[in-house]
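The values are calculated or read from the model by the stated rules, or taken from the named source; none is laboratory data. Not measured: the values here are computed from a predicted model. Heads up, the Cβs are rebuilt from the backbone with ideal geometry, glycines too, and the neighbour counts pull from every protein chain shown.
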Amino acid sequence: MFCATLPCLVGVAVIFAGISNVAYIPLMEGVVDTYQARVISTFARVVRIVGGVAESLGLETPDNVARAMTDFILSDNTPPPPTDHLKVEDYTFDGVPVRLYRPTAAAKPSPSVIYLHGGGWTILHIDSFDDILSDYAVTSGYVFISIEYPLAPENPFPKPFETCLTAVLHVLSQAGSYGLDAEKVAIAGDSAGGNLAAAVSLKLSELKDVPKLRFQWLIYPALQAFTFKTPSYLSKEDASPYFNDGATMAHYWCNYMGINTPRMKEAFRTNHHTSRKLKQSIYASYVDSKLLPKEFRGDRPGETRLDYGDDEISNEVEKIILNPYFAPLMAPDLSGVAPAFVVTAEFDVLRDDGLMYAQRMKDAGVDVVVYNSPGSIHGFLSFFEGLIPKYTDTDHTIGKFVKYAREHFK
């Protein structure tokens, strides 16, 4: 029934969106590439409308609607055909589906970058990132390895994390079998994938007799669910409406946690999911706005109130939101993690997650390079030619990554 009715729902939603002037979405002053930002914001709003209608009619869940619509646009479920510059190969690493993007110019054995895709742990697949990773591989000359991890809420934490860890350990132990250099392996990920990359890097730093990662490339990562009142959450909430705001992140975090109810999402969004006691604990210092560069503390400083919170919900979620493999910013010690290149976007509610993590790694003695893309919104590196052209800063940012990778793969 869903497949038969979805096109109709999409049509109704698009008509409604047009009537509502959704095509012109006001953006915060300073956002660059406003066409791309409006297109992605419009699409996000249409997805919400369709999901809401489908749910109200008892046809499908909003998450499944979002998956269907994003897959329709981004995925064809087949690996790209070989070209003069790139060969794409599918494998299974200890039961985990993976896809290798191997440039014809790659060294033998080749340095490699294991990539964990974004999508709020809820949507998107390795197919969705074919164009992106093909470009990264050819531009850099390194093999990129994309991991297909199971999605939440059907597969909540720790399943996605454990799946990624399994595949990464396979790469590190069997690199030679795939023409890869076991001593030159890095990990990368965007958004939710950045969370998984940071968590895997943290776990590997605690394991003995495992080759060390050369570096981690964390792209606008989601690293904590402790507070939704950082300066970037407060000041960038309406940067690109409907796309990635506090309510969206609350939904995704609750999906990943495996407890996604309206009450729980509202508690997360409003910061009532942490009790008064937890707000005054050592964990609050891990997300203190004092960790941010002065210029990013902004005119709306982070949460200062400590006198509220739902004790019942806090007791229910405390164990998981403080787990550093769920939320790497909650790790008490980051001294052993791999060197990092952290990319954030100026107009992104997750900006401060990345900046705080970078500062905490620096404080722990880790070599860290940070690049905050000016004027950019969340997801800007994933906007490729087609309906949404490349963001202005995409090639510049990828160039910075290539330079960083060459230095660290020496």
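Residues checked against (1) outside the structural domain of Ala188 (by TED's automatic domain parsing); (2) hydroxyl-bearing (Ser, Thr, Tyr); (3) out of contact with any Gly (no Cβ under 6 Å at 6 or more places or on another chain); (4) not in a helix (DSSP H, G or I):
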| site | (1), (2), (3), (4) |
| --- | --- |
| Leu223 | no, no, yes, yes |
| Phe226 | no, no, yes, yes |
| Ser232 | no, yes, yes, no |
| Pro241 | no, no, yes, yes |
| His251 | no, no, yes, no |
| Asn255 | no, no, yes, no |
| Ala267 | no, no, yes, no |
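The number of residues in the stretch 238-267 being charged (D, E, K, R), in contact (Cβ under 8 Å) with a residue 40 or more places away in the chain and farther than 19 Å from Ala192 by Cβ comes to 2.
For the stretch 358-365, check the following and say yes or no: at least one residue is outside the structural domain of Ser41 (by TED's automatic domain parsing) and more than 25 Å from His408 (Cα to Cα). No, the stretch 358-365 contains no residue that is outside the structural domain of Ser41 (by TED's automatic domain parsing) and more than 25 Å from His408 (Cα to Cα). The set of residues from the stretch 253-270 being surrounded by fewer than 19 Cβ atoms within 10 Å (Cβ to Cβ), under 22 Å from the mean Cα position of the chain (by Cα) and charged (D, E, K, R) comprises just one member, Glu266.
Report yes if Ala198 is in contact (Cβ under 8 Å) with a residue 12 or more places away in the chain, in a helix (DSSP H, G or I), of a type outside the set (D, E, K, R) and buried (at least 24 other Cβ atoms within 10 Å of the Cβ), otherwise no. The answer is yes for Ala198. Residues in the stretch 119-152 that are part of a helix (DSSP H, G or I) and in contact (Cβ under 8 Å) with a residue 60 or more places away in the chain: Phe129, Asp131, Ile132, Asp135, Tyr136, Thr139, Ser140. Taken over the stretch 31-63, the criterion of being buried (at least 18 other Cβ atoms within 10 Å of the Cβ) and polar (S, T, N, Q) is satisfied by Gln36, Ser41, Thr42. Applying the condition of being in a helix (DSSP H, G or I), at pLDDT below 90 and small (Gly, Ala, Ser) to the stretch 14-69 and asking which residue is farthest from the chain's Cα centre (by Cα) yields Gly18.
Candidates are the residues of the stretch 132-162 that are out of contact with any strand residue (DSSP E or B) (no Cβ under 8 Å at 6 or more places or on another chain) and under 24 Å from Ala175 (Cα atoms); the one that is surrounded by the fewest Cβ atoms within 10 Å (Cβ to Cβ) is Pro150. Of all the numbered requirements in (1) closer than 23 Å to Gly120 by Cβ; (2) among the polar types (S, T, N, Q); (3) assigned to a helix (DSSP H, G or I), Asn155 misses one, and that requirement is (3). Looking at (1) under 20 Å from Ala331 (Cβ atoms); (2) part of a loop (DSSP other than H, G, I, E, B); (3) under 17 Å from the mean Cα position of the chain (by Cα), which is the only condition His273 fails? All conditions are met except number (3).
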